[in-house]
Amino acid sequence: RTSHREPGAMQTCTDVDTVLHSAVGVESPHFVQELLPKLIDLVRASRRLPVGEEHAIRRGSRDFLASMRDLGQTSLALAHRSLRFSDPAAHTDTKAEDLSHYARVIESIDDVLERVDTCIQDALAGRSAGPADADDASPVAERAGGAGPAWLRGDAGKPQVRWRQLVDNERTEFVPRLVVKHNLQVPLAPEIVQAQRRAGVGSAEADVVDLEAAAGGLAAPLPHPYEAELNALTFPDSLFELVKAERYPPMEDTPLELVATAEKLHEMIAEIKATCAGKAIAVDIEHHDQRSYRGFVCLVQISSRTKDWVIDPFDIFEEMHELNEIFSDPGIVKVLHGADRDVMWLQRDFSVYLVNMFDTGIAARVLRLQGGFSLANLVSQFCGLKLDKTYQTADWRERPLPEEMLQYARCDTHFLLYCYDRMRNALLTSTGAAIFSIAPADDHSRAVTDYGIQALQVALERSTELCRKQYTEAAPDPLNEAERLCARFGARSRPLEPRQRAVLTALLAWRDRLARTLDESCAFLATDGVLWRIALALPSTPLRMRNTCNPLPWALQERAQEVVDLVLKSLAEHDAVSPPLEQKPARQLPGVEASSVARVAAPTPVRAWPVRSRGAATPSPVVHVSAAAAGRAAEVVHGAVLRTLDGLDSSCEEEEDIATRMAAMGGAAPVETKHKLRLAGEAKVATPPPRDAVDDMIERYVEVPVARPAKLPDEEEPELEKHTVKRKKRRRPQGNSCLETVVKATAAVDPYSATPAGGAGEAPAATPAAAEAPTTGRPKKKRKVV
């Protein structure tokens, strides 16, 4: 790390200071040179600030809090001045206090860094903008492709503008641009010719479109242009014989030619047809799909046994279909690795079709090659080299291509033909077992087997089936896409409700329309996970949407209000079609007053337990509870009733069973009890039943008299002092899980009742001494008599 005190450390700042002083108007001619040391000191000082436990201890000091408050206000003021200077459009009407929302600071810094990155790219490319253009520049104009200079609109960074006439993101039918069908055995199908006329391909009547014919053409997919040639494809007998693998020449001794013009393209095609007839060529493709709706091919690499070509298609997009002259030639084997997407990309961008292809990725799967089926593993197994995959995910739109990227693209085909020879021999000599080690190239002890011939036929047939696939286009289907996302994310998150699913469908359709308009990929605008989180949250304001997804993609951030309006509109449309379900009112039973229903359903304030006097002219209760057990029994009874009501089922059989048991205990009318229990069961919701309803039920069966001692003869009744007697803890009776057990247990310990509630025919009254004994305790052990 270079210290700021070294004299040579600031030499790189002189040019910047000169520009700032002359063009921007900064007063100090050494602004950056003085700023950098101060920034370094600031970072060092910030590391000395107390954190954690030390900060918590110092917060107890008023002086410390006052200093921190003053320092925070000063820092916000300085940061606000800096942001107003670097991003004036975003901070014209803001105050220093607004920066307490950290999201504003992040957004401003991101905008500044994006402008810096754009300027650096333009400087490296040799472009420059005038002062007027620089004043009008904004990241929004660049991203939206609106007004502003070309270097800020993003047109200079999108090479697809060069073949804009070939890009139609709104089309729903793909038509091949085959003006001439090379190596034909059967002419183009009439359906393809008719579709080309509708699309204006190779026809002078490009503006005349028959709508009825167009509607009829969309009814059925177009046939494969080379279907007849693929069906007639045969393989020579020499292909099923062992060959001596022809080793690749060193890369430094192999000529490399860069093809970027139509003349060089024709020269390459002629050279390949002259030198590679009856032989094989290796083909690979570099593709880009991040900043384009459909994506496009950036490079096409071709290698023969003696030469390598790298085709830059950006300036010859309309002439690239000439590659059909060699790619559709059945006499030339095209060797590709993992060609499932390469076949689609060649058809989509250039209308190039493959006939007689060998896919080394398919062959590796047939061989069950150990170590994986990647090209790097094949080169490692057969060539003993390790490929550098640094640029596997690089941006291949970059022009001019750096030498490192050019060599990387060349390596993908330079070693492939030698791997093809070795894999043919390995397939022909295979016995069905997995290949753990590859036989040396000079090993001639192994012979062709019947299983090996079948394995090679399988690899060739699968490669031919891959060539039969066609690139197609269709209208977007947001409903199907929403179902796919529900299947993808629903297992890890809670499933979407119907309203949320409607919002997700609308968001997917909106993203697809925006991606087609801006010619950007859907994933670049907003990933599937972001749309899923928005559909879950259903934000009603832009701020809530920003809090839902942090950081928010720029496309949603610039159109936050539009997305929120879309969410609210989707919710309104869904609710208009499918209104939310309303709760049904409680069913009123015959013979029950509406006031009792309201008393059960509506919660009321909790009141004290009822106390009934001994001489009141009221019906005798079902059970008399003594004062000794009043507090405990009341709470136990209340809890038992709650548990009984909570587990109550809506079926009439269970209600009648509970009502009958309660009537047998206390003689209450079973019908009225059944009505009360049924009302309580219907009114049961997520919260427990109101205590008032439980109190009404308990009041009918349980009486809590005023506690008084037995009156002695000829003695005055003394006043009882509260909490003067220490009661012995009694073991809780077993089986208090229902109301019946609680009532029986409390009835057996009443010392003042002559008989249990039930009248005549019951057991004789218990004495006070017998009543105080526990009824459901552990029995005493009997002594053994020896």
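Here, each number is a calculation from the coordinates, and none is a lab measurement. Everything numeric in this text was worked out from a predicted model, so none of it was measured. Quick reminder, even Gly has a Cβ in these numbers, built from the backbone with ideal geometry, and neighbours come from all protein chains shown.
Quote the FRET efficiency, to the nearest 0.05, computed for Arg47 versus Val112 with a Förster distance R0 of 30 Å and r equal to the Cβ-Cβ distance.
Computed FRET efficiency for Arg47 and Val112 comes out at 0.75.
Under 5 Å between amide H atoms, partner at least 5 residues away or on a different chain: which partners does Thr94 have, H built in plane at 1.01 Å?
Answer set, sorted by chain and number: none.
Per residue of the stretch 70-87, what does 6.51 cos²θ - 1.76 cosθ + 1.60 with θ = phi - 60° give for ³J(HN,Hα)? Whole Hz please, x for Gly and Pro, Karplus curve as stated.
Couplings: 5, 5, x, 5, 5, 5, 5, 5, 5, 5, 5, 5, 5, 6, 5, 6, 7, 9 Hz.
Using 7 Å Cα-to-Cβ label points, what is the Glu558/Asp168 separation (nm, one decimal)?
Using points 7 Å along Cα→Cβ, the separation is 2.7 nm.
Can you compute the FRET efficiency between Glu227 and Glu34 using 1/(1 + (r/R0)^6), with r the Cβ-Cβ distance and R0 = 60 Å? Round to the nearest 0.05.
0.25
Can you work out the PRE-style zone for Val243? Point 7 Å along Cα to Cβ, and I want the residues of the stretch 317-351 with backbone N under 18 Å.
327-337
Would you pull out the residues with amide H under 5 Å of Ala280's amide H, same chain only if 5 or more places away, H placed 1.01 Å from N?
Under 5 Å from the amide H of Ala280 lie the amide H atoms of Val333, each far enough along the sequence or on another chain.
To the nearest 20 Debye, how big is the dipole of the stretch 453-519 about its Cα centre, given +1 on the beta carbon of each Lys and Arg and -1 on that of each Asp and Glu?
300
Give the long-range amide H neighbours of Ala260: residues separated by 5 or more places, or on another chain, with amide H under 5 Å away, using H modelled in the peptide plane at 1.01 Å from N.
Amide H neighbours of Ala260, under 5 Å, 5+ apart: Asp312.
Assuming R0 = 22 Å, what is the FRET efficiency of Gln454 and Lys279, from their Cβ-Cβ distance, to the nearest 0.05?
Using R0 = 22 Å, I get an efficiency of 0.35.
Would you please classify the overall shape of the stretch 345-392 from the alpha carbon gyration tensor, given that a ≥ b ≥ c denote the square roots of the eigenvalues, rounded means a/c under 1.5, and beyond that prolate means a/b larger than b/c while oblate covers the rest? Please list the in-between numbers first.
On the way: a/c = 2.92, a/b = 1.55, b/c = 1.89.
It comes out oblate by the Cα gyration axes.
What pairs from Lys181/Lys307; Lys244/Lys279; Lys307/Lys334; Lys334/Lys469 go past 19 Å between their alpha carbons?
Lys181/Lys307
Pop out the ³J(HN,Hα) list for the stretch 106-118 in order, Karplus 6.51 cos²θ - 1.76 cosθ + 1.60 with θ = phi - 60°, rounded to Hz; leave Gly and Pro as x.
4, 4, 5, 5, 4, 5, 5, 5, 5, 5, 5, 4, 5
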